[in-house]
Structure formats: structure tokens, C-alpha cells
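Engineer: Submitted below is the structure of interest, expressed as C-alpha cells.
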Amino acid sequence: MIIKKADFIKSVSSAAGLPDDGKPEFAFIGRSNVGKSSLMNMLLGRKNLVKTSKKPGKTVLLNYFDVNGSFYFVDLPGYGFASRSKSEQDLWRVLIEKYLKTRKSLADIFLLIDSRHGFLPNDEQMIEFLDHFQIAYTPVFTKTDKLTKTELSAAKQKHPDSFFVSAMTGAGKEQLLDYVEKILDKEVKE
Ligand SMILES: Nc1nc2c(ncn2[C@@H]2O[C@H](COP(=O)(O)OP(=O)(O)OP(=O)(O)O)[C@@H](O)[C@H]2O)c(=O)[nH]1
Ligand SMILES: [Mg+2]
């Protein structure tokens, strides 16, 4: 897939603000600091379209990016950000869970996992939630540049249906974009 253009559309803080044009969308979800925003920039070939941060928890809204005028990438707020208050975490849960359960135009969910740490309790919780509601998702292991070659090939063997990416080196970009294209083709045919 060739990215011809990518534009920030809007930040959404409630169901009422979600786009209603029916374009398919791909949600990027994962722990705070896992590399969601960096991966989106890498895929879109833009340095700073999606804001990244050294300070976890920066993304607090659903951020919509239009790609090629035909679909959306959605940057979801990271979970497990410890210094968020309980009420902020509850608010996060309500907004995100409702979005994941009810959003009709969701083409796929990329569940990002830090490849150095694997599935942590917060990730397991998210997976339990998705499985419980039979919501399909695709695991994407991030920051693979931090693994040795041996560790990376072991991880790939252990998770054969997942993607492995590095926003730093661009590894995995083609594979993930091809996958996006495949899903979009399928959506059009259905
Ligand atoms: N080495 C390495 N560092 C990365 C990679 N991707 C992201 N980072 C770093 O990890 C930190 C967090 O990246 P973000 O992309 O902001 O993470 P996020 O998941 O969007 O974080 P929140 O918006 O806070 O939930 C930044 O310091 C990035 O530079 C990667 O592939 N390799
Ligand atoms: Mg982010």
C-alpha cells in the first residue's frame, strides 16, 4: 500500500464526536508508552503527524487520522498509566470499551505489545475483555530494535500470527501496510 496522504482530522472525547462517514478504521491500542503514536508515524511516513512523548499518558483522546482519503487510523489513549487517577482511569475504560464494543466501522484493532516485556497484566486484561466480547484484534509487537536477533526470532516463532515492528528502524512496515490493504480489499468485497 502506498500512503499518498495522511491528515490529522480530529480528537474525540465522547461517542458523539466520532466520524459518521462510515470509512473503515484501524484502532491502535496498547499500554501507555508502548509506541502507538510512533508506529503510526512510521507507517504513514511522517515524523511528527502523531504526537509522541517521553512522558507516558500523553494521548488522552481518540485521535483520528485520515489516510489516502479512504480510511482512518485511530490513536487510542494508552492504558495502565499509573499516575492517572482512579476516576480518570474509569473514564478511560468507559470511553474505550464502549468504542471497541460498538464501533461498526472498526476494520481491525492493532493491539500493541512491547516486545521486550511480552504480555503484561494490563495487556492480559485487555485481551480478556476483547475475547469476552468476541472482538477480533491483531497483536503487533513493538520496539523490536531492542531485541537481539535470537530473541526476535524466538518471539516470532512463539507468536506466528503477530506482526513485529520497529518505529526506529522501519522494520515490519511493509508487512503491516500490506495487511491493512488486504483487510480493506476484503471490506470492499463484503
Ligand atoms: N527504541 C525504540 N523506541 C521507540 C519505538 N517506538 C517508540 N519508541 C519510544 O517509546 C516512547 C513512547 O512512544 P510513543 O509512540 O509516544 O508511545 P505511545 O504508546 O503513543 O504512548 P502514549 O501516547 O503515552 O500512550 C518514545 O520515547 C519513543 O521514542 C521503537 O520502535 N524503538
Ligand atoms: Mg501516543
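The values are calculated or read from the model by the stated rules, or taken from the named source; none is laboratory data. The shown structure was predicted, so the numbers you read here are calculated from the model rather than taken from an experiment. For neighbour counting, all protein chains shown are included, and Cβ atoms are generated from backbone atoms with ideal geometry for every residue, glycine included. Side chains included, ligands, DNA and RNA excluded: accessible areas come from the protein's heavy atoms. Shrake-Rupley method; radii C 1.70, N 1.55, O 1.52, S 1.80 Å.
Engineer: Within segment 163-182, work out how many residues are touching a residue at least 24 places away in the same chain (Cβ under 8 Å) and open to solvent by 20 Å² or more (accessible area, probe 1.4 Å). I'd like the intermediate steps shown before the answer.
Structural biologist: Narrowing segment 163-182 to residues touching a residue at least 24 places away in the same chain (Cβ under 8 Å): 163-173, 176-181.
Checking the rest, the ones that are also open to solvent by 20 Å² or more (accessible area, probe 1.4 Å) come to 163-164, 167-171, 173, 178-179, 181.
Adding up the residues that qualify gives 11.
Engineer: For segment 49-66, give me each residue that is modelled with pLDDT of 80 or more and either crowded, with 22+ Cβ neighbours inside 10 Å or within 11 Å of ligand 1 (Cβ to nearest atom) (or both). Before you say what the answer is, go through the steps one by one.
Structural biologist: Just the residues of segment 49-66 that are modelled with pLDDT of 80 or more, to begin with: 49, 61-66.
Residues satisfying the conditions are L61, L62, N63, F65.
Engineer: OK, next. What are the residues in segment 28-40 that are open to solvent by 10 Å² or more (accessible area, probe 1.4 Å) and more than 9 Å from ligand 2 (Cβ to nearest atom), if any?
Structural biologist: R31 - this is the single residue of segment 28-40 that is open to solvent by 10 Å² or more (accessible area, probe 1.4 Å) and more than 9 Å from ligand 2 (Cβ to nearest atom).
Engineer: Ok, one more. So T138 fits all but one of (1) β-branched (V, I, T); (2) over 27 Å from G17 (Cβ atoms); (3) surrounded by fewer than 18 Cβ atoms within 10 Å (Cβ to Cβ); what number is the exception?
Structural biologist: Looking at each condition in turn, T138 falls short on (2).
Engineer: Can you pull out every residue in segment 100-131 that is over 20 Å from G35 (Cα atoms) and surrounded by fewer than 19 Cβ atoms within 10 Å (Cβ to Cβ)?
Structural biologist: Of everything in segment 100-131, those that are over 20 Å from G35 (Cα atoms) and surrounded by fewer than 19 Cβ atoms within 10 Å (Cβ to Cβ) turn out to be K101, T102, R103, K104, S105, A107, E128, F129, L130, D131.
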